[in-house]
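A quick write-up on the structure given underneath.
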Amino acid sequence: MAAGVSVDFAKPVAPDQQDKRWRIVDATMRRLGHHPRGLIETLHTVQEAFGYLDEGALRYVATSLHVPLSRAYGVATFYHFFTLKPAGKHTCVVCMGTACYIKGAPQLLSALEKDYGIEPGETTPDGKVSLLTARCLGSCGLAPAVVYDHDVAGKVTAQDLRERVVKWMSHDA
Amino acid sequence: MTPEELEQIAETERAAQKKFQHTVNVCVAAGCLSCQSQGVKDALDEEIKKRGTECTQVKGVGCMGLCAEGPLVSTESGTLYKHVAPNDAGEILDSLEGAAVSRLVCPTNVPFFQRQKKIVLENSGVIDPERVEDYIAANGYSAMMQVLSEMTPAQVIDEIVKSGLRGRGGAGYPTGLKWSTVAKATARKVKYAICNADEGDPGAFMDRSVLESDPHRVIEGMIIAAYAVGASEGFIYVRAEYPLAIKRLKIAIRQAERLGLLGHNICGTRFSFGVDLRLGAGAFVCGEETALIASVEGKRGMPRPRPPYPAQEGLFGEPTLINNVETYANVPPIVRNGGEWYAKIGTEKSKGTKVFALAGRVENTGLVEVPMGITLREIVYDIGGGIPEGRNYKAVQTGGPSGGCIPSEFLDMPVDYETLAKVGSIMGSGGMIVIDDSSCMVDVAKYFMDFCMTESCGKCIPCRVGTFQMRGLLERITKLDGTEQDLSLLNELCELMKNTSLCGLGQSAPNPVLSTLRYFAEEYKSHVQSKQCPSGVCSNHREDAR
């Protein structure tokens, strides 16, 4: 070893080393051998732990997996499942599959748009409720379907949806 | 694991089951779970504990099919209960010794149940998807054992060829032919077997149901396929939107590994095979095989030109077998009963059964498995129970955004690959959406074009620009601003996209437009000529428009 010369091929450092959630991410990358092919799996883990992918996370993952940042960003924006913005406290996912569309999902969206002025992908100004759409939840037998936080509800009417959102907006629950 | 050991597990499990006088099955697949079937199961468990009756077991099982009437509960005597609530638990347990609870009974002597023929779904709603022992007791893994101990790879492929099984993902490519191509290809290091569980078609939920109700069947199918083609590594590419399916697959893989059904030297042979999960991230185009491969490699899911086909150069440049969930699920029964048995079911060119996800404007929504060649009328009116609210049938949409709309004049045609293609639709993965006269077909066409526009990966120009332009034209027509010229432009663009797009998404994206232009030309005309929407969906100033 050449004395006195120390090139720092340092390991990439997580954006916030205090945050234990990065350990979960590190574990995933280790399991996949820090190989570029593990990019999507790793981004899934980050999103599961943090709720969304921010720039710091993308930089860290890209460096750790030896892929250019452009590729990490490309993958993160190519797939609908990944989001670069934090979601509201509650999320409301309206299924826009064919069966739901035929049975009135557009009316559900327009109800929220009318009441709160939010379109799919947006969050109410107070950060309480995010409105999202899904391509198809596969709950077509229960169309139209909506996922309130993590619970799937079937045969939803605009009235049901309004009631739930009002409840979220008024209570801090 | 030897055949004797497998039989031993099955015997032990059957004996354990026999100890119970009564069994109550509660559906815990996604459909019923979303109407709180877990609460029903917990209430039943609680009630049994309270009564101290040890001779009754409550089993969480997979999909029973009639999703619209959930939560569903069945008893071993064959009684099916619908819309069960947790506080019905006591009554249901009381009924085991006597008469059924009449107010909850769901009749099973109706066409919805009687007309079905279950091969892929034979265990759905019967076994506990989270217990491998239950699957083994239902003859599970016996086909795999038979293959590994008695058959050569060539014999397996021969059996699949004889069965006439065709790919259930949509295109209907002969499975046996695909297997033999991969088997003949030479690998640099390893061959791969991939299960395509990226069920992207909106309105299709067959694969999700199979994975949630009977995950081991898919794994067994994959092991047999891997043995036949010489693959040693496998991936199941499943949608991240299906958390329950992912959870059950993970459990199933772990159980199979523990029993030595997956891993090195399976059952003492020289054959090794491992399966790993890869999660999709919401891209419809990843259902296309080359895009799916790119996604498994951790890249953007963009297709590439074929040839070379994945059978020659697929995942990481190695020969790769890609089949759909339902295709793999068909393999174990074919091996168990022989290819000739399977070939007796269905029509001349389309063998076996097909699982359809029946949804939309139809009385009985849910999952049905029917022999190929059944007529559309039987599916919609007999099994599906017809159109609710006294409305009229307008069309059935099959094949999702790549398929077409089938009008009433073809209700009596047999459902198989060729006939569906002849009328401008496709079999697709099995989504079947019934549309009644409250929907506007131009609006439906716009919906699908909207979908394809969002999902186009952007690699090739015909698809990227074509879907955008077509959507614009359809938007104008549904706003009642369209002209005759727009219609001819629409036609022209359809042909262009069909002939010049790189992958299946772009080539088939015009199908919904083409089929509605063909069969519902009057509706288009009325939109552009008299500026009226016959169904009253489209208007000039749509408040509720998206």
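Values quoted throughout were computed directly from the atomic coordinates according to the rules given, and no laboratory measurement underlies them. Owing to the predicted nature of the structure, the values given are computational and were not obtained by experimental measurement. So basically every Cβ, Gly included, is an ideal-geometry build from the backbone, and we count neighbours across all protein chains shown.
The table below lists the values:
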quantity: Per residue, the convex hull volume that the Cα atoms of region B:441-528 enclose (Å³); calculated: 70 Å³
quantity: Hull volume in cubic angstrom per residue (convex hull over the Cα atoms of the protein assembly as shown); calculated: 186 Å³
quantity: Chain B: calculated mean residue ellipticity at 222 nm from DSSP helix runs of at least 4, using -39500 (n - 2.57); calculated: -12000 deg cm²/dmol
quantity: Net charge, A:ALA72 excluded, C-beta distance under 14 Å - Lys, Arg +1, Asp, Glu -1; calculated: +2
quantity: Simple label model, 7 Å out from Cα along Cβ direction - B:LYS422 to B:ASN540, nm; calculated: 4.6 nm
quantity: Estimated FRET transfer efficiency (B:GLU91, B:GLU409; beta-carbon r; R0 56 Å; 0.05); calculated: 0.70
quantity: Shielding by partners - mean other protein chain Cβ count within 10 Å, residues of A:75-84; calculated: 5
quantity: Shielding by other protein chains, B:200-210, mean Cβ within 10 Å; calculated: 5
quantity: Sites A:MET169 and B:ASP42 - FRET efficiency at Förster radius 41 Å, r taken between beta-carbons, to 0.05; calculated: 0.85
quantity: Relative contact order %, chain A, counting alpha carbon pairs below 8 Å whose residues are six or more apart; calculated: 17 percent
quantity: Compactness of region A:90-170, expressed as Rg and Dmax over alpha-carbon positions, Å; calculated: 11.4, 34
quantity: Qualifying trypsin sites (Lys or Arg not before Pro) in region B:159-221, DSSP loop, other Cβ atoms within 10 Å at most 16; calculated: B:ARG188, B:LYS189
quantity: Measure of compaction for chain B (Cα Rg per 2.2 N^0.38 Å); calculated: 1.00
quantity: Sequence ranges B:30-40, B:424-434, B:241-251, B:299-309, ranked by mean other-Cβ count within 10 angstrom, highest first; calculated: B:424-434, B:30-40, B:241-251, B:299-309
quantity: FRET E, pair B:PHE316, B:SER102, Förster distance 60 Å, beta-carbon r, rounded to 0.05; calculated: 0.50
quantity: Crossing angle, helix A:21-31 versus chain A [Cα axis fit, 0-90 degrees, rounded to tens]; calculated: 70 degrees
quantity: Pair A:GLN107, B:GLU130: separation of 7 Å Cα→Cβ label points (nm); calculated: 3.8 nm
quantity: Length-normalised contact order of chain B in % [C-alpha pairs under 8 Å, at least 6 apart]; calculated: 14 percent
quantity: Estimated inter-spin distance, A:HIS34 and B:GLU475, nm [label 7 Å along Cα→Cβ]; calculated: 4.7 nm
quantity: Max mean-square fluctuation residue, GNM over chain A, Cα-Cα springs under 10 Å, options A:VAL46, A:VAL13, A:VAL156; calculated: A:VAL13
quantity: Cross-link pairs B:LYS19/B:LYS41; B:LYS479/B:LYS525; B:LYS349/B:LYS422; A:LYS103/B:LYS41 - those with Cα-Cα distance over 18 Å; calculated: B:LYS19/B:LYS41; A:LYS103/B:LYS41
quantity: Other-chain or far-sequence residues with amide H under 5 Å of B:GLY60's (modelled H); calculated: B:VAL26
quantity: Between 0 and 90°, nearest 10: helix A:158-170 axis offset from chain A longest Cα axis; calculated: 60 degrees
quantity: Computed [θ] at 222 nm, helices only, for chain A once each DSSP H run of length n ≥ 4 contributes -39500 (n - 2.57); calculated: -12500 deg cm²/dmol
quantity: Residues whose placed amide H lies under 5 Å from that of B:CYS457, excluding near-sequence neighbours; calculated: none
quantity: Rounded to 5, the percent of DSSP beta bridges in the protein assembly as shown classed as antiparallel; calculated: 50 percent
quantity: Per-residue Cβ neighbour rank within 10 angstrom, fewest leading, B:LEU367, B:LEU496, A:LEU132, B:LEU517; calculated: B:LEU496, A:LEU132, B:LEU517, B:LEU367
quantity: Average other protein chain Cβ within 10 Å of Cβ, residues A:99-111; calculated: 6
quantity: Summed side-chain charge close to B:LYS498 - residues other than B:LYS498 whose Cβ falls under 14 Å, Lys, Arg +1, Asp, Glu -1; calculated: -1
quantity: Ranking of B:TYR135, B:TYR173, A:TYR79 by count of other Cβ atoms within 10 Å, fewest first; calculated: B:TYR173, A:TYR79, B:TYR135
quantity: Extension gain, B:GLU257 back to B:GLN114 (0.36 nm per residue minus Cα-Cα distance, nm); calculated: 47.7 nm
